[in-house]
1. Answer yes or no as to whether residue 54 is part of a loop (DSSP other than H, G, I, E, B), of a type outside the set (Val, Ile, Thr), under 24 Å from residue 151 (Cβ atoms) and at pLDDT below 90.
2. Is it the case, given these coordinates, that residue 575 is open to solvent by less than 10 Å² (accessible area, probe 1.4 Å), of a type in the set (Gly, Ala, Ser), at positive phi and touching a residue at least 12 places away in the same chain (Cβ under 8 Å)?
3. Only one of 403, 381, 423 is of a type in the set (Gly, Ala, Ser), over 19 Å from the mean Cα position of the chain (by Cα), closer than 22 Å to residue 479 by Cβ and surrounded by fewer than 24 Cβ atoms within 10 Å (Cβ to Cβ). Can you tell me which?
4. List the number of the failed condition for residue 74; all other conditions in (1) closer than 30 Å to residue 12 by Cα; (2) assigned to a loop (DSSP other than H, G, I, E, B); (3) free of Cβ contacts under 8 Å to residues at least 40 places away in the same chain; (4) in contact with a strand residue (DSSP E or B) (Cβ under 9 Å, 6 or more places away or on another chain) hold.
5. Condition first: surrounded by fewer than 21 Cβ atoms within 10 Å (Cβ to Cβ), out of contact with any Phe, Trp or Tyr (no Cβ under 9 Å at 6 or more places or on another chain) and of a type in the set (S, T, N, Q). Can you find one or more residues in the stretch 330-343 that meet it?
6. When you check residue 493 against the structure, is it within 27 Å of the chain's Cα centre (by Cα), under 22 Å from residue 388 (Cβ atoms) and touching a residue at least 60 places away in the same chain (Cβ under 8 Å), yes or no?
7. Six or more apart or on different chains, Cβ under 7 Å: which pairs go from a residue in the stretch 551-562 that's closer than 19 Å to residue 598 by Cβ to one that's part of a helix (DSSP H, G or I) and among the basic types (Lys, Arg)? Could you list them?
Amino acid sequence: MPKLKIDGVEIEVENGLSLLQACEQAGAEVPRFCFHERLSIAGNCRMCLVEVKGGPPKPTASCAMSVNDLRPGPNGEPPEVFTTSPMVKKAREGVMEFLLINHPLDCPICDQGGECDLQDQAMAYGMDHNRFAENKRAVENKYLGPLVKTEMNRCIQCTRCVRFTTEVAGVEEMGATGRGEDMEITTYLDKAISSELQGNIIDLCPVGALTSLPYEFKARPWELRKTETIDVMDAVGSNIRVDARGREVMRILPRTHEDVNEEWISDKTRFVWDGLKTQRLDQPFVRDIGKLRPATWAEAFSRIASKMKSTTPDKVGILLGDLVSAEEAFSLKTLAMNLKINNIDCRQDGTPLGEHGGRAGYLFNSSIAGIEEADAIMLIGCNPRLEAPVLNARIRKRALKGGCLIGVVGEQADLTYPYNYLGAGPESLSVFTDHPPANKTKPMFIIGQGALARADGAAILAMAYKAAAALGVVKEGWNGFNILHTAAGRVGALDVCALPGDGGMNTTAMLNAAANKSLDMLFLAGADEIDTKNLGNAFVVYMGSHGDAGAARADVILPGAAYTEKSATYVNTEGRAQMTARAAFPPGDAKEDWAIIRALSDSLGATLTWNNLEELRAAMYAIAPQLASLDQVHKADATALVELHQGGGKTTSAPFQSPVKDFYFTNPIARASRTMAECSALKNERKMQAAE
């Protein structure tokens, strides 16, 4: 490990580190615009200049020089680097002066104001005057789509956006044209960016050239109340920060979590916030003579209790939606047990998960970070680009390192990285059992809901395990048998066993019973992805935050809280329990869902034993102790996967189809968002143009 002196302090660093990284380890601050830890080296802003003793008589770009390139002194002394010498100070002032030659003086109206790297570094490293009096150049703004606003007069050509879209997002749609003063950052053919991760270039831009279009002129950073919480738009569990003013969420930003989302979030996660305030359910409703009318909580509970008394438990069903937290799932399961209701299911898409194989049978067992260790990845019935864009970026990251064989069984889609297409349906899986390929040390299966949410899902799961056993996907020290969920609340609900009891009906059976008029009552806890038009004459109770499909069919509506309005536990696809935090209060008379269930239990004569959230969680942790260990992944017992053979049955030849048809419309919050509607319309327009 090389040794060097930085501002007189001798340190020892790892091989291959850049001078900039070494300076940071020594506690020296080095400004930068183009350098970013997760992007390739560009070395074009020159703001990170340092002085190297014994080197050339000029400053050196610290981001582009490795510590291994430094020469020791004449007597073997460690090389010396200076970050605050007069040479460095003068050089940085010159670079800053050069960057500001053409930069417009529009800080008071810039959305980046208060969060601008250029503004901060100009104060710290710039001069108090400018020697240039020539006219500033003007650059035409570029169209990047409905999410990113451009003010290209401010652009300093750091190329962070270009490198991100090319290297991380995997869409080569941005680049630089021209040279010198005529250089401009643009999209090829002036088309909108097609990536589901494009919003991250807003965070990467060190100036106000790229800002959030939906957030334009909405608020200033110092006006906002910042809350660290968790995203529920997919099952990755990305760490986010919600900025709110009063009761209104104004924007959503990413937080760094190396094992989950690194520092990226999807566009749906970032821009869905306008859906949190539209089509909201803010008071109870009951249906009279075919029409819904406002009601009090007491009246709504009374209507439900009256219906419950007129039927029997075997004719009552409970369906849990995709955004239900672990606390709500546990409350509903406990209430169902108190009422002797066995018809309860958290799998509204109809998968067989949780029936066999223990906890390992429904988790992403290798962990999300484990993708970077895999040397072979098989995607079965999933399209991670639409189902989990941040996880897909992790797969691309692994693919770019090389030495990883990637195969796909299912849809032949653009996943942003090369892969071997092996087939569209179940018959392709049988090839592995008969003719397994060359051995790999850490092979991985990623099985999506497109392979499991079908009538032969249990047989597919059994076949996938058989293929995994033939390939050594599950072995001592490595479990690469991974289930990719699309619902944020699914794993938590499975952990608290929100599944049919003895002789109880699953989702498919309940829906068929309702259609055949043999189910009297159906409780929908945010379950909007089912066919609500075919529920016969069942009495439907809907609990949720938005007036979506479930609310339209309901006979009683109980308004709940959205994920930004409550403290709740969500378990991501790898089994990592994380907790949201309240960033704003629910509108009107809406309540937190667990509190609604607790109050309803009183009216139904099956009172739950807890009176607050702490007591509820204590009871939940007794059943599922892993949920108490926040931000930790408890490895599941891989030996239980042998039980998957019990699924049995025959498979059909139907091809696998991803359950996500429209990335921007996967849940009630997204469907209420105007921004998501614009993105969806643009994507559909692209599809039509491509088909012509």
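1. Here the answer is no, as residue 54 does not meet what is asked.
2. yes
3. 403
4. (4)
5. Within the stretch 330-343, one or more residues are surrounded by fewer than 21 Cβ atoms within 10 Å (Cβ to Cβ), out of contact with any Phe, Trp or Tyr (no Cβ under 9 Å at 6 or more places or on another chain) and of a type in the set (S, T, N, Q).
6. Judged against the criteria, residue 493 is a match.
7. 556/303
Conditions tested, residue by residue: (1) closer than 28 Å to residue 494 by Cβ; (2) touching a Lys or Arg at 6+ places or on another chain (Cβ under 9 Å); (3) of a type in the set (D, E, K, R).
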{"residue": "620", "(1), (2), (3)": "yes, no, no"}
{"residue": "631", "(1), (2), (3)": "yes, yes, yes"}
{"residue": "670", "(1), (2), (3)": "yes, yes, no"}
{"residue": "674", "(1), (2), (3)": "no, no, yes"}
{"residue": "678", "(1), (2), (3)": "no, no, yes"}
{"residue": "682", "(1), (2), (3)": "no, no, no"}
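The values are calculated or read from the model by the stated rules, or taken from the named source; none is laboratory data. If you're wondering where the values come from, they're calculated on a predicted model, not measured in any experiment. Cβ coordinates were reconstructed from backbone atoms using ideal geometry, including for glycine residues, and neighbour counts include every protein chain displayed. For accessibility, only protein heavy atoms count, side chains too; no ligands or nucleic acids. Shrake-Rupley method; radii C 1.70, N 1.55, O 1.52, S 1.80 Å.
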